[in-house]
Every structure is written in structure tokens, then in C-alpha cells.
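K.L.:
Before anything else, here's the structure in question.
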Amino acid sequence: MMSTRAAIRYAKAILSLADSIGVANEINNDMVLIASTIKANSELNSFIQSPTISVDVKENALLEVFANVNGVTKGFFHLLFENKRFEILEAIAVAYSELFDEANGLEVAIVTTAIPMDADLGAKVLAKISSLSDKKVTIENVVDPAIIGGFILRIGDKQYNASIANRLQVLKRELSN
């Protein structure tokens, strides 16, 4: 819990700095890259989390792995070096992107489907989204064969379940009553 709060504090501070010098969008691209790279690479994650590897080695490695990031992001790596907080790097990157999206009126809709979405389903989902949210929405498709068919749409704290698995559950409850 403590590291989550710390991650949000760091993210707010970086967003504030990035906003003040007009590079918030570039830093967001860096943070998306950092979060996805750490998530996809278990060796990098283990390296960052390791208490036996010194912070200067971690900082140098990150500066090499993310050599093309903005100077503000490189300064952020140095701040984590000074505070010995590299273990929350991914959490900070994720928090930054969420705060950035929120500040720019963007929302991510997570659409769970049994098979990857096609253009037809994409259009239906976008129509449903426009009735639920007045923000600019980007769609993230998650594939889960367990829902059998249809889709589950989640935007923020709202969820719309149009899956076949859900309809079968409802039907089963009605028949048992």
C-alpha cells in the first residue's frame, strides 16, 4: 500500500513538472514504454527489484535500456537513484499514464471478448461506449474464451456485461427460482 501511494506521489510530481515545461505527452510516451517493457521482460523486472544490485548499476542500466527517452525521464531515473526507489518504477509509470489520461479527458475502455474483436463488434462497442462516457475513449481488447461469446465492457468503475456466459448465468438463476 505504501509503495502505491509513493508511486502516485512521484507520478503527480513528474506530471506537474512535465506539464510546466510542455513535455507531458512525450513523458507519457516514455512512461507507457517503460511500463510495457518492464511488464513484458521478467529479467528486467527481477533486475530492478533485486536488493543485491546497487542503485547506480540500476540507473546506468535503465539509461542504457531507455536511451531515447526525454531528459525529464532521465532526471526521474536519477531521482529514483537518489531515493533508492527503483522497485516502484513500473507502478510510477502506470500511475503517470493514468493521471495523464485523466487530465486530458481520455479513458480506456477494456473490452473482453471470446475471440479478437472484428470491425463489426468494434463499431457496436464504440456505440455503447458513447452512451456511457462523454470522454475520448481508447479501446483495449482482452481475449477470454471463458465468456463464450458477446463482450464485457468496462470503463472506469462502470461495467456492461453482454457475454453469453453471463446470459447463461442469469437464465440458470431464473430457472432455479
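K.L.:
Only one residue in L89, L106 is closer than 27 Å to I38 by Cα, touching a strand residue (DSSP E or B) at 6+ places or on another chain (Cβ under 6 Å) and touching a residue at least 12 places away in the same chain (Cβ under 8 Å). Which one?
P.N.:
Details: L89 fails: touching a strand residue (DSSP E or B) at 6+ places or on another chain (Cβ under 6 Å).
L106 is the lone residue from the list that is closer than 27 Å to I38 by Cα, touching a strand residue (DSSP E or B) at 6+ places or on another chain (Cβ under 6 Å) and touching a residue at least 12 places away in the same chain (Cβ under 8 Å).
K.L.:
Now a separate question. If the Cβ limit is 9 Å and pairs must be 6+ apart or interchain, which residue in region 140-163 that is closer than 15 Å to I129 by Cβ pairs with which residue that is acidic (D, E) and part of a loop (DSSP other than H, G, I, E, B)?
P.N.:
Listed by first residue and then by second, the contacts come to I152/D144.
K.L.:
Tell me whether region 28-50 contains one or more residues that are among the hydrophobic types (A, V, I, L, M, F, W, C), open to solvent by less than 80 Å² (accessible area, probe 1.4 Å) and more than 14 Å from E90 (Cα to Cα).
P.N.:
no
K.L.:
Give me a count of the residues in region 1-25 that are buried (at least 16 other Cβ atoms within 10 Å of the Cβ), more than 14 Å from the chain's Cα centre (by Cα) and not small (G, A, S).
P.N.:
Of the residues in that region, 4 qualify.
K.L.:
Any idea which of E107, E102 is open to solvent by less than 90 Å² (accessible area, probe 1.4 Å) and among the acidic types (D, E)? Steps first, answer last, please.
P.N.:
Numbers: E102 fails: open to solvent by less than 90 Å² (accessible area, probe 1.4 Å).
Result of the check over E107, E102: E107.
K.L.:
Can you report the number of residues in region 68-109 which are more than 18 Å from I155 (Cα to Cα), part of a loop (DSSP other than H, G, I, E, B) and within 22 Å of the chain's Cα centre (by Cα)? Write out each step before concluding.
P.N.:
Keep residues of region 68-109 that are more than 18 Å from I155 (Cα to Cα), which gives 68-93, 96.
So of that shortlist, the ones also part of a loop (DSSP other than H, G, I, E, B) come out as 68-70, 84-85.
Retained after the next criterion (residues that are within 22 Å of the chain's Cα centre (by Cα)): 68-70, 85.
Summing the residues that are more than 18 Å from I155 (Cα to Cα), part of a loop (DSSP other than H, G, I, E, B) and within 22 Å of the chain's Cα centre (by Cα) in region 68-109 gives 4.
K.L.:
So which strands (runs of 3 or more DSSP E) are wholly in region 110-167 and hold at least 1 residues that are surrounded by fewer than 16 Cβ atoms within 10 Å (Cβ to Cβ)? Give the steps one after another, and end with the answer.
P.N.:
Working: elements: 136-143, 150-155, 158-163.
Qualifying strands (runs of 3 or more DSSP E): 136-143, 158-163.
K.L.:
Another question, then. Are there any helices (runs of 4 or more DSSP H) wholly within region 1-52 with 1 or more residues that are under 12 Å from T73 (Cα atoms), and if so which? Walk me through it before giving the result.
P.N.:
Values: elements: 2-20, 24-40, 42-49.
Once the helices (runs of 4 or more DSSP H) in region 1-52 are filtered for at least 1 residues that are under 12 Å from T73 (Cα atoms), what remains is 2-20, 24-40.
K.L.:
State whether one or more residues within region 44-57 are under 25 Å from T138 (Cα atoms), modelled with pLDDT of 95 or more, touching a helix residue (DSSP H, G or I) at 6+ places or on another chain (Cβ under 9 Å) and of a type outside the set (S, T, Y). Outline the logic, then answer.
P.N.:
Of the residues in region 44-57, the ones under 25 Å from T138 (Cα atoms) are none.
Within region 44-57, none of the residues are under 25 Å from T138 (Cα atoms), modelled with pLDDT of 95 or more, touching a helix residue (DSSP H, G or I) at 6+ places or on another chain (Cβ under 9 Å) and of a type outside the set (S, T, Y).
The values are calculated or read from the model by the stated rules, or taken from the named source; none is laboratory data. Owing to the predicted nature of the structure, the values given are computational and were not obtained by experimental measurement. Note that we place each Cβ from the backbone using ideal geometry, even for glycine, and neighbour counts take in every protein chain shown. Just the protein is used for accessible areas: all its heavy atoms, side chains included, with ligands, DNA and RNA removed. Shrake-Rupley method; radii C 1.70, N 1.55, O 1.52, S 1.80 Å.
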